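**Q** Before anything else, here's the structure in question.
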Amino acid sequence: MSNRGTILLSIVAHARAGALQKAWDLFRDANLDIVKDDPAVLTVLGRLLKDEAARAQGSEQRKFFRQAATAYDQAGQITGQTYPLINAATLSLLAGRGTKARALARTILERPDDAAETPYWRAATRAEAHLLLAQIDQARSKLAAAISVAPKAFEDHAATLRQFALILGHFGQDKAWLDDFRPPRTMHFAGSLRLKASDEKRVSNELRQILREEKVGTGFGALAAGADILTAEALLEAGADLHVVLPAPADIFRRISVAAYGTRWARRYDAVLASAASCRVLSTGSVSAFPLTVRLATEIAMGGAVMSARQLQTEAIEFVVIGSRARTGRDPGYSSWIASYWRKTGRRQRLMRVDSIPATAMATGSLSHGSAAKLAAVLRIEFPPLTIPETEHLLRCARAQLSASNSKALVNPVWTGDALIVAYASPDMAADAMVGQLTNAIQQGGRATGHYGLVYPFRNPFDGSRYFVPHPADVLQTMAGLTPEGTCYATEDFIAAMHARGTGHSTEYVGDCCIDGQRSPTRLFSVR
């Protein structure tokens, strides 16, 4: 790859991470802003300008849309490819230049199919061109044709649906017909452990019907004996992808929450686990912390369903089996607590009540609650290299803003000499601080990293101050080495739990990092 190609990849990576100013700096430092004959450069320029438009409003936004459309149009005129041209057409529409948008759309439709594109994108591009010309029936027909040639390309379908929604929103037209083309729904599942034989059959039969009605394609949950395993079996039978999140290593979880209820469940657990699309095992640090990781696993599984639905432009629902006499409690092991947690976000839910003895969704009774661990979202805000007076000024600003915030830290923030450590009870509170109260430090060249999970209290013997050490202890510092200046990165656990609660923050996957003590790489996301 050429040096210019490497630079362009770095620019796009920074833009995806939300470090738009850094991306612009790299673009201009490489003198790419004066290049007018390289379609790759012009396409990246269009991307940066489109990102600027997403942050702007009113006339300023239309200006950026217009400039982005021009960059894509120039790239398309050089290559003749439809990808930059259809982007130019849609961005022209959003810039208020309908005549230009329609002219580009007609140009695309008059040309033969672009051999450089996949069969899906050839048809989807023509569908978008018809939509720009307000030819709804043709657009719908072409979109159906595109999906028919790549029925499992759900991420491509989702990208097209986002574009269509923007165009229809600009026209002020109904978007409901897009629902016919959405990828299958995602589902979080949980339920009672002890089920009577009659309940097992009824749950399985009703669940099969629900999966057909809701068109579920992906499921997220644990694999405890009872309703969990029944749901997982039904998902696999329906051809759905199963993503398992376990609060402890698979053998320990099998012993506590599966085999304790009968060898038949253990056999079914082994079979389902072997067929799962993925299995995430949480690192506990201490087996006595199992009750806490039950809640953590539940939040991560919920968030996984929500994140998958957002990525695919579809809907996340929940299926929960609850004992007929169950009451909502504070223990996250109970399916009634899980159902209540999901319901508070306003998302749809399918509940099924059974006559079984109410019991926890994941057995925890055989393990002690004596661990000193807590669940918390910890931030590490690394300040830029400044003079001592400048650093003191930023710290005073951060203190004032954190004090005024409705989201109170669990303990007093700790200044380490190069970073501020702050802990919150939930990741949504931490995200608010990350992109809100602490914006000054980040915008001036600092960086923020966040993780949600088990933390252990530590008291400084010299001054008596308290703070929390995350598990693994070096997770935030390791992440900081990969986080570009001016950006906020968080672990997948942080992001998933944040989405489980419902959030307005924009997040995007940016890559992996290896943390000492972790069995697999940690996925990182930007927070904006």
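**Q** Defining a contact as two alpha carbons under 8 Å apart and six or more residues distant in sequence, what relative contact order in percent does segment 84-232 show?
**A** On the way: 157 pairs, mean separation 25.7, N = 149.
Answer for segment 84-232 is 17 percent.
**Q** With just the Cα atoms of segment 3-181, tell me how far they stretch along each of the three principal axes, in Å, largest first.
**A** Cα extents, longest axis first: 47, 36, 29 Å.
**Q** Fewest first, what order do TYR269, TYR83 take by the number of other Cβ atoms within 10 Å? List each step's numbers first, then the result.
**A** Numbers: TYR269 22, TYR83 18.
Going from sparsest to densest Cβ surroundings: TYR83, TYR269.
**Q** Report, in debye and to the nearest 20, how large the dipole of segment 185-354 comes out about its Cα centre when Lys and Arg carry +1 and Asp and Glu carry -1 on their Cβ.
**A** Details: 25 positive and 15 negative charges, 102 e Å.
Charge dipole, segment 185-354, about its Cα centre: 500 debye, nearest 20.
**Q** Taking the mean number of other Cβ atoms within 10 Å as a proxy for protection, how do you rank 216-223, 47-54, 271-278 from highest to lowest?
**A** My ranking of the peptides, most packed first, is 216-223, 47-54, 271-278.
**Q** Right, here's the next one. Non-local amide H neighbours of ALA224 (under 5 Å, H modeled in plane, Pro and chain starts lacking H): which ones?
**A** Correct list: ILE229.
**Q** Quick one: 3J(HN,Hα) in Hz for segment 57-73, Karplus 6.51/-1.76/1.60 with θ = phi - 60°, rounded, Gly and Pro as x.
**A** Running phi through 6.51 cos²θ - 1.76 cosθ + 1.60 with θ = phi - 60° gives 9, x, 5, 5, 5, 4, 4, 5, 4, 5, 5, 5, 4, 5, 5, 5, 4 Hz.
**Q** With unit charges on the beta carbons (Lys and Arg positive, Asp and Glu negative) and the dipole taken about the Cα centre of segment 374-527, which residue among PRO413, HIS505, PRO385 sits farthest to the positive side?
**A** PRO413
**Q** Here is a follow-up. Among LYS22/LYS50; LYS152/LYS201; LYS63/LYS100; LYS50/LYS100; LYS142/LYS175; LYS50/LYS175, which pairs are too far apart, with a Cα-Cα distance over 20 Å? Could the numbers behind the result be given before it?
**A** Details: LYS22/LYS50 16 Å; LYS152/LYS201 31 Å; LYS63/LYS100 15 Å; LYS50/LYS100 17 Å; LYS142/LYS175 16 Å; LYS50/LYS175 23 Å.
Cα-Cα > 20 Å for LYS152/LYS201; LYS50/LYS175; rest within.
**Q** Considering the dipole of the chain built from charges on the beta carbon (Lys and Arg +1, Asp and Glu -1) around the Cα centre, which of ALA23, PHE458, ILE136 is farthest to its positive end?
**A** Value computed over the given set: ILE136.
**Q** Still on this structure, I have one more. How high is the relative contact order of the chain? Use alpha-carbon pairs under 8 Å, at least six apart in sequence, and give a whole percent. Show your work: numbers first, answer last.
**A** Working: 989 pairs, mean separation 60.6, N = 528.
The value is 11 percent.
**Q** What is the diffusion coefficient of the chain in µm²/s, taking the Kirkwood radius over Cα pairs and the Stokes-Einstein relation at 10 °C with a viscosity of 1.306 mPa s? Write down the numbers at each step before the final one.
**A** On the way: Rh = 25.3 Å.
The Stokes-Einstein estimate is 63 µm²/s.
**Q** Mind checking the dipole of the chain: about its Cα centre, +1 per Lys or Arg Cβ, -1 per Asp or Glu Cβ, Debye to the nearest 20?
**A** Values: 61 positive and 50 negative charges, 275 e Å.
Value, rounded to 20: 1320 debye.
**Q** Work out from phi, with θ = phi - 60° and the Karplus expression 6.51 cos²θ - 1.76 cosθ + 1.60, the ³J(HN,Hα) of each residue of segment 82-93, listed in order in whole Hz, and give x for Gly and Pro.
**A** 7, 4, x, 5, 5, 5, 4, 5, 5, 5, 4, 4
**Q** Moving to a separate point now. Using the Karplus equation 6.51 cos²θ - 1.76 cosθ + 1.60 (θ = phi - 60°), what ³J(HN,Hα) coupling, rounded to whole Hz, does each residue of segment 262-275 give in order, writing x for Gly and Pro?
**A** Couplings: x, 5, 5, 5, 4, 5, 5, 4, 4, 5, 5, 4, 5, 9 Hz.
**Q** Tell me which of HIS157, THR6, ASN205 sits at the most positive position along the dipole axis of the chain, charges placed on C-beta atoms (Lys, Arg +1; Asp, Glu -1).
**A** It is ASN205, whose Cα lies furthest towards the positive end.
**Q** Just how large is the dipole of segment 374-527 about the Cα centre, in debye to the nearest 20, putting +1 at every Lys and Arg Cβ and -1 at every Asp and Glu Cβ? Mind dumping the intermediate values first?
**A** Numbers: 11 positive and 14 negative charges, 98 e Å.
The dipole magnitude comes to about 460 debye.
**Q** Order of GLU206, GLU382 from fewest to most other C-beta atoms within 10 Å?
**A** On the way: GLU206 15, GLU382 20.
Result, fewest neighbours first: GLU206, GLU382.
The numbers here are math on the coordinates, done by the rules we state, and not lab data. Everything numeric here is computed off the predicted structure, so don't read it as measured data. Positions of Cβ are generated from backbone atoms using ideal geometry, with glycine treated the same way; all protein chains shown enter the neighbour counts.
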